[in-house]
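Here the structure is laid out as structure tokens; the discussion comes afterwards.
Readers should treat all values here as calculations from the given coordinates under stated rules, not as data from a laboratory. Computed from a predicted structure; not experimentally measured. Positions of Cβ are generated from backbone atoms using ideal geometry, with glycine treated the same way; all protein chains shown enter the neighbour counts.
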Ligand code: GCU
């Protein structure tokens, strides 16, 4: 059967706060040449582009202009249909990115978006979008969901596409809380991440990345990786949602967990149309501090998941303390939009304290831009005690394991209610 890895007890990794090698936290408000950033104008025109480039050159790679500009064809799979015992309307569309699939490639060059809208809505609604890891049918038990094939493999190598079995329907419903989201007046939209790229090394040919190859881009040090391809999928989904008249275009939030949190973080950082980020345990290579050597390392990420980041990422192996783009800088790119970063207490691999420190450091950019944020002297809160929820930078460390739970979703919805106003419904 599949080997299970206990990421919280990996031999050879440091889990001890006292044994973290010395490191310097990067300063989002200090230019590469050492000059301090003192005005919003300097942030927008100089420092922010500089940080984006550091991430493109060292972490996620550069998304080709052709991919950003690519026209997307929206094909209805199912029009507005009552669903979930009257709680919702369901819509399903395919976003078509490319021509007919390459023979034998198994990929259809499309992403299937499942959208639930609250039936009690009186107008366009705020929507939360997130890529899912189990197939659309896994997010809630609803026989009307038309899933794409899911890519399966036991060891994250050589996956193959399979029609999802009936047992997978609603198998991730606790992670998604679809009915809670709808009953609070929000829409919920999702798509299967492996529609964009199968999550295994050497799957580039089956990735949307293969649609946008140009001379000199393949294997360049800053070639985009799978995380950037998933982030691109976030961007395309959000663009579609904002074009849907049932959606309140100014209020589309994104969420993601773990590896998909990394994708959601990068998407929110680079997509101004994304209205808020709800980032769950995106860990190292996401919202945590890679320079803090606790839990996962650059070496593990680069070697276990070589397809996730750009080729240049591997040059930082065993040099975690020198990495030039880190989680606090990533989150600072989301400013001044509402940002909620969430950790879990038993998720040592992701380094919850690093996630907190990143959020707290990113908050300084919110302050620079004149919006409310956690003060820089804020202490790490106790478990299950959200902080900063009355500002644009919220954080909690939930009790329990690496997961997404009802607690996380309730706090996210409370936060959006406060930042955007609770959705009006009948
Ligand atoms: C592994 C990986 C993490 C990632 C996680 C997940 O643990 O090392 O970086 O976040 O998988 O996606 O669940």
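Structure summary
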quantity	calculated
Ellipsoid equivalent to segment 276-373 - semi-axes via the Cα gyration tensor, in Å	24, 14, 11
Overall Cα dimensions of segment 32-83, principal axis frame, Å, largest first	56, 25, 18
Net lengthening on full extension, residue 8/residue 179 (0.36 nm per residue, minus Cα-Cα)	58.4 nm
Packing-based ranking, highest mean first, of 326-333, 167-174, 198-205, 386-393 given that Cβ atoms within 10 Å are counted	326-333, 386-393, 198-205, 167-174
Coarse-grained scattering of segment 316-426 at q = 0.15, 0.19, 0.20, 0.21 Å⁻¹, given as base-10 log I(q)/I(0) from a Debye sum over alpha-carbon atoms	-0.66, -1.00, -1.08, -1.16
Diffusion coefficient, µm² s⁻¹, Stokes-Einstein with Kirkwood Rh over alpha-carbon pairs of segment 1-41 at 37 °C and 0.692 mPa s	224 µm²/s
Cα-Cα P(r), segment 112-195, percent of pairs per 5 Å interval	3, 15, 24, 23, 16, 9, 5, 3, 1, 0
Chain lengthening between residue 65 and residue 146 when straightened (0.36 nm per residue, less Cα-Cα)	26.0 nm
Difference of contour (0.36 nm per residue) and Cα-Cα distance, residue 410 to residue 38	130.3 nm
At R0 = 41 Å, FRET efficiency that the Cβ-Cβ distance of residue 30 and residue 85 yields, to 0.05	0.15
Alpha carbon Rg of segment 12-138, scaled by the compact-globule rule 2.2 N^0.38 Å	1.63
Per-residue [θ]222 nm for the chain (sum of -39500 (n - 2.57) over DSSP H runs n ≥ 4, rounded to 500)	-7000 deg cm²/dmol
Projected label distance in nm at residue 382 and residue 16, using a 7 Å step from Cα toward the beta-carbon	2.8 nm
Cα centroid of segment 206-251 to Cα centroid of segment 252-298, whole Å	16 Å
For segment 334-366 versus segment 385-426, the gap between their alpha-carbon centres in whole angstrom	13 Å
Convex hull of segment 375-426 built on C-alpha atoms - directionally averaged projected area, nm²	4.5 nm²
Calculated Rg and Dmax of the chain using C-alpha coordinates, Å	20.3, 59
